[in-house]
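Contents: one structure, followed by commentary.
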Amino acid sequence: MKKSDVITIIVVAAVVCGFAFIPGAWNWFNTTTANHGLLMSFFKFAILGTFGEMLSLRIREGVYMKKGFGLLPKLLIWGVLGVVIASAMTIFKTGTVALLDKGFHFDGKAAAWFAGSLSWGKFFVALCVSVLMNTLFAPVFMTFHKITDIHIAETGGSLKGFFGNKLKMRETMSQKINWDTQYGFIFAKTIPLFWYPAHTITFLLPGTYQVLFAAFLGVALGVILSIKK
């Protein structure tokens, strides 16, 4: 175990213990999340998403950070994506319930199931939300995230390089993304096999914890993909 691993473990343990033992810490988290949901989504994904990439790098190359990694740009991008994801979760939860109740004539049952306690009906609605969100939204989100990752790598990993160079969307999509991997593995395998069930669990949780759990899922998937590589 390296010194960096020990430091990482100590920091993670300190954060967990802080929420567990500092009076009012967890209540503050819940209250702030309820009152400033999008802002908290920014920080949750900025921290956890970037940490997931650092863990991924540690598994692949033995270090948490290397030249050109782009810590600040990744924090910014993950934060923005966190706001987008939180917004998408709200849109798809509301829209899916409306679609089931009005389009498929559940006549209010879907809304009642989804708002109620754990049941097969609630599981069904959560699964529908997950399938629709990950089928319609996830591919676009994942592709944009890939484009920004490539841009960060090509501009040296600095904020100045990130904002000082034009984001070449068409060139990156047509020439620099490996679509055999992006479509054949990321879309065709991780979406149905990982994200469908994972986000079904997410939407069964109380609303306060859904975005946080979604951010942790990003960390988990990053580690899984690193092990596969």
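Contact list please: Cβ distance under 7 Å, first residue in region 205-229 and farther than 20 Å from Met54 by Cβ and modelled with pLDDT of 85 or more, second residue open to solvent by 30 Å² or more (accessible area, probe 1.4 Å) and part of a helix (DSSP H, G or I), pairs at least six apart or on different chains.
From residues that are farther than 20 Å from Met54 by Cβ and modelled with pLDDT of 85 or more, the pairs are Leu205/Phe213; Thr208/Asn30; Thr208/Ala34.
Any chance region 100-117 includes a residue that's in a helix (DSSP H, G or I) and within 16 Å of the chain's Cα centre (by Cα)?
Among the residues of region 100-117, not one is in a helix (DSSP H, G or I) and within 16 Å of the chain's Cα centre (by Cα), which makes the answer no.
Residue by residue through region 170-182, note down the ones that are under 22 Å from the mean Cα position of the chain (by Cα) and loosely packed, with under 14 Cβ neighbours inside 10 Å.
Result: Asn178, Trp179, Thr181.
Kindly indicate which of Lys102, Lys74 is in contact (Cβ under 8 Å) with a residue 40 or more places away in the chain and out of contact with any His (no Cβ under 6 Å at 6 or more places or on another chain).
Lys74
Considering region 195-221 alone, what residues qualify as being open to solvent by less than 30 Å² (accessible area, probe 1.4 Å) and more than 13 Å from the chain's Cα centre (by Cα)?
Of everything in region 195-221, those that are open to solvent by less than 30 Å² (accessible area, probe 1.4 Å) and more than 13 Å from the chain's Cα centre (by Cα) turn out to be Thr200, Phe203.
Identify all residues within region 149-169 that are among the β-branched types (Val, Ile, Thr) and either open to solvent by 50 Å² or more (accessible area, probe 1.4 Å) or within 13 Å of Leu72 (Cβ to Cβ) (or both); write none if there are none.
Ile152, Thr155, listed by residue number.
The values are calculated or read from the model by the stated rules, or taken from the named source; none is laboratory data. Since the model is a prediction, treat every value here as computed from it, not as a measurement. Cβ atoms come from the backbone with ideal geometry, glycine included; neighbour counts cover every protein chain shown. Heavy atoms of the whole protein, side chains included, go into the accessibility calculation; ligands, DNA and RNA do not. Shrake-Rupley method; radii C 1.70, N 1.55, O 1.52, S 1.80 Å.
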